[in-house]
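Contents: one structure, followed by commentary.
The values are calculated or read from the model by the stated rules, or taken from the named source; none is laboratory data. Keep in mind that this is a model prediction, so the values were computed, not measured. In this analysis, Cβ positions are derived from the backbone assuming ideal geometry, glycine residues included, and neighbour counts consider all displayed protein chains. We work out accessible area using only protein heavy atoms, side chains counted, and drop any ligands, DNA or RNA first. Shrake-Rupley method; radii C 1.70, N 1.55, O 1.52, S 1.80 Å.
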Amino acid sequence: MAPRPQSPEIKPEEDACARVDETPGREPSKPYVRQIYWTNVVGIAALHLAALWGITWTPFYAKVLTILWAIFLGGAGGFGVTAGAHRLWTHRAYKATWPARVILMVCYCIAGQNPLYDWVRDHRVHHKFSETDADPHNARRGFFFAHVGWLMMRKHPEVVRRGKQIDMSDILADPVVRFHQKYFRPLKFMLCFYLPVMIPVWLWAEDWYLSLVVNAIIRYACSLNFTWLVNSAAHIWGNKPYDRRISPVENRLVAFLAMGEGWHNYHHAFPWDYKAAELGAYGFNVTTLFLDLFARLGMVYDRRVPSEDLVRRTALMNGDGSHPVYRQNDVTDLSLQKAPATGGS
Ligand SMILES: [Zn+2]
Ligand SMILES: [Zn+2]
């Protein structure tokens, strides 16, 4: 496959997540023997069963403040994942002052996901080798695998091999990430479970058991699934206005639930755009709303976006024709004969 021309706005070597047009399968990859991690299977299944059971009765007994608290925690944790782990640390789509990075790290801990280092490495591999054996949640292996199954089994050897090749020097150079790495377990316990459960008990005398079910089980399970939908649904169901040659799609429901991360065809075409979307109101991209607010406060700066012209040419050349403005039938512009590169896909 011929290498794609370089983007006029960003060179592939500057983009940690630029897709590599190389199929790992071309090399003799090691035979993959599926090995289930039963502890994870039981843990994840138990969490979901408990959440389903809890959701049938807690809304009738928990205080309104406790429900609002759970929603707040879901939003804060989601922001830590989308604005922090994803757009800042993985894609370097903008820069943030150290107080902003501390806020993002705390929010990330509230979500209770994997160590930041692992999250960033896995996501960079995902972008570079989407839908190949090296993709940690390769959507070609089906919805369940992409959604949660990948967390229940040993990684494919290609994922491990490619993961070791990812440049993570920028992550290790960030003292906020190093602090998180060092105190990952106590931070996760305190910020994802202990304080979320105890604050309603201390401040508005909620029953601790109710708070546990609402905040540590239901909220946690919902928050995980909203993130996972980006890897599953947003790689399967939707349209491809920017690049029809790749699997990621635009999915409104995922955009809403994952705070703006469902515009995934665009995101894989322009992973370095801090909005992770071209269009759309803040209602479908709450993360961008908050990043813009942070920017007004001077805590976030150098927000990167592609030019309108690059997006237009990309959509016209590579899209499936479903873009609300740019459609392939409209191609009359000779400048489009040179296919644009997007710096990743
Ligand atoms: Zn993706
Ligand atoms: Zn991404």
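Just a few scattered comments:
- Neighbours by Cβ (under 6 Å, 6+ apart or cross-chain): first from region 224-236, closer than 13 Å to Asn265 by Cα; second within 14 Å of ligand 2 (Cβ to nearest atom) and acidic (Asp, Glu): Val230/Glu261
- Residues in region 75-97 that are in a loop (DSSP other than H, G, I, E, B) and open to solvent by 10 Å² or more (accessible area, probe 1.4 Å) were compared, and the one that is nearest to ligand 2 (Cβ to nearest atom) is Arg92.
- Some residue of region 221-228 being within 16 Å of ligand 2 (Cβ to nearest atom), open to solvent by less than 50 Å² (accessible area, probe 1.4 Å), part of a loop (DSSP other than H, G, I, E, B) and under 21 Å from Arg92 (Cβ atoms): no
- Of all residues in region 227-260 being farther than 12 Å from Asp320 by Cα and in contact with a Ser or Thr (Cβ under 6 Å, 6 or more places away or on another chain), the one that is nearest to ligand 1 (Cβ to nearest atom): His235
- Filter result for Tyr274 (within 13 Å of ligand 2 (Cβ to nearest atom) and under 17 Å from Gly80 (Cα atoms)): yes
- Put simply, of Thr82, Thr132, Thr97, Thr90 the only residue that is polar (S, T, N, Q) and in contact with a strand residue (DSSP E or B) (Cβ under 9 Å, 6 or more places away or on another chain) is Thr97.
- Residue that is surrounded by the most Cβ atoms within 10 Å (Cβ to Cβ) [pool: residues in region 241-258 that are more than 16 Å from ligand 2 (Cβ to nearest atom) and assigned to a loop (DSSP other than H, G, I, E, B)]: Pro241
- Residue check, Tyr209 aromatic (Phe, Trp, Tyr) and closer than 15 Å to Asn114 by Cα: no
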